[in-house]
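Everything below concerns the one structure shown next.
The values are calculated or read from the model by the stated rules, or taken from the named source; none is laboratory data. Model, not experiment: these values are computed from the prediction. We place every Cβ from the backbone using ideal geometry, glycine too, and count neighbours over all the protein chains shown. With ligands, DNA and RNA removed, areas are computed over all heavy atoms of the protein, side chains included. Shrake-Rupley method; radii C 1.70, N 1.55, O 1.52, S 1.80 Å.
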Amino acid sequence: MPNFTGSIISGQPAFEDEATAKHKIGQQAVTGDGRKYRYVLAGATALVVGNALQTTVEDVDHDNLTCRVTAAGATALLMTTGASGGALDANEYAEGYAIIDTTPGLGYVYKISDHLAIAASTNGAINLYPEDAIQVALTASSRVTLVANPYKNVIQHPVTTASGVCVGGAIYPITAAQYGWIQTGGPGAALIAGTPAVGQPVTSVGATAGALTVHSAELNHVADMLVTGRSAAVCPVFWRCDN
């Protein structure tokens with residue numbers, strides 16, 4: 001079992017899952033030999049050891065939302081949800097991020113602490129951590145895009161087309177909707193599709209769900225082969241999601 005260095009060793013071990021979080025989502029842990037791990041919340045399906053994992057599926061209804069007047073220094077970002085599928089579940093974006101994509105306030109990224117459920121086409125507030133208070137006052141011209149924490153509700157990487165960013169590989173069969181560790185950097189293992197050569201970069205986008213395959217220029221480089229790949233086998237790789 002990986003032995004984490006530093007104070008992290010007093011929390012949840014690598015080969016366990018828990019219904020209650022023992023660390024912050026996204027907490028990084030490192031072993032003495034440099035392997036890297038992140039603390040995640042599994043999505044609606046249990047994770048499979050050796051599978052490549054991605055973020056929860058993007059919700060485009062929560063992109064480019066209209067802000068309301070919010071003063072600099074405020075810790076509640078005022079906004080209006082979009083129509084149709086624009087409703088937010090309570091704490092859907094807790095531990096995620098609010099990115100101001102249109103001026104005033106363009107370019108600032110704020111960490112979300114919590115929020116209530118907000119119906120579609122409704123005024124609401126996204127609460128921010130105090131250290132992430134609004135830096136530039138927002139107006140009705142400002143726009144905000146909400147993005148979930150990359151390590152919250154992680155899922156098996158889907159077939160052919162990514163619907164999120166690859167965040168690493170499963171090292172333990174974390175139960176659906178429970179917390180645990182995944183690997184993000186250094187020597188590890190992954191399901192392989194095809195026969196990529198030793199030393200070749202591999203990507204998570206391919207014809208087999210949860211598998212890494214031969215990398216091509218327009219796709220993410222998530223790992224390198226430590227051996228010649230064998231299709232449908234879990235093989236040694238060097239993860240690069242956190243390097």
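Give me the distance between the Cα centres of the range 43-61 and the range 128-167, rounded to whole Å.
Cα centres, the range 43-61 to the range 128-167: 15 Å.
Points 7 angstrom from Cα along the Cβ direction at Leu226 and Val165: gap in nanometres?
With each label placed 7 Å out from Cα toward Cβ, I get 2.5 nm.
I need the semi-axes of the equivalent ellipsoid of the range 100-195: take the C-alpha gyration tensor, multiply each eigenvalue by 5, square-root it, list largest first in whole angstrom.
35, 16, 15
Between Thr66 and Gln135, what's the calculated FRET efficiency when r is the beta-carbon distance and R0 is 25 Å? Round to 0.05.
Approximately 0.85, to the nearest 0.05.
I need the calculated FRET efficiency for the pair Ser121 and Thr45, taking r as the beta carbon distance and R₀ as 35 Å, to the nearest 0.05.
Calculated transfer efficiency: 0.65.
Can you give the accessible area per residue of the range 85-172, in Å², using a 1.4 Å probe?
On a per-residue basis, the range 85-172 sits at 42 Å².
Summarise the accessible area of the chain (1.4 Å probe, protein heavy atoms) by the percent that is carbon and sulfur.
Result for the chain: 56 percent of the exposed heavy-atom area is carbon or sulfur.
Starting from the Cα of Ala217, step 7 Å along the direction of its Cβ; do the same at Asp89; then give the gap between the two resulting points in nm.
A separation of 4.1 nm, rounded to one decimal place.
Name the long-range amide H neighbours of Phe4: under 5 Å, sequence gap of 5 or more, or other chain; modelled H, no Pro or chain starts.
Amide H neighbours of Phe4, under 5 Å, 5+ apart: none.
Mind checking the alpha-carbon convex hull of the chain and giving the volume per residue in Å³?
Dividing the Cα hull volume of the chain by its residue count gives 129 Å³.
First measure r as the distance between the Cβ atoms of Val234 and Ala19, then evaluate 1/(1 + (r/R0)^6) with R0 = 30 Å and state the FRET efficiency to the nearest 0.05.
0.65
Decide, for the range 103-153, between rounded, prolate and oblate: order the square roots of the alpha carbon gyration tensor eigenvalues as a ≥ b ≥ c, take rounded if a/c falls under 1.5, and otherwise choose prolate if a/b is larger than b/c, else oblate.
oblate
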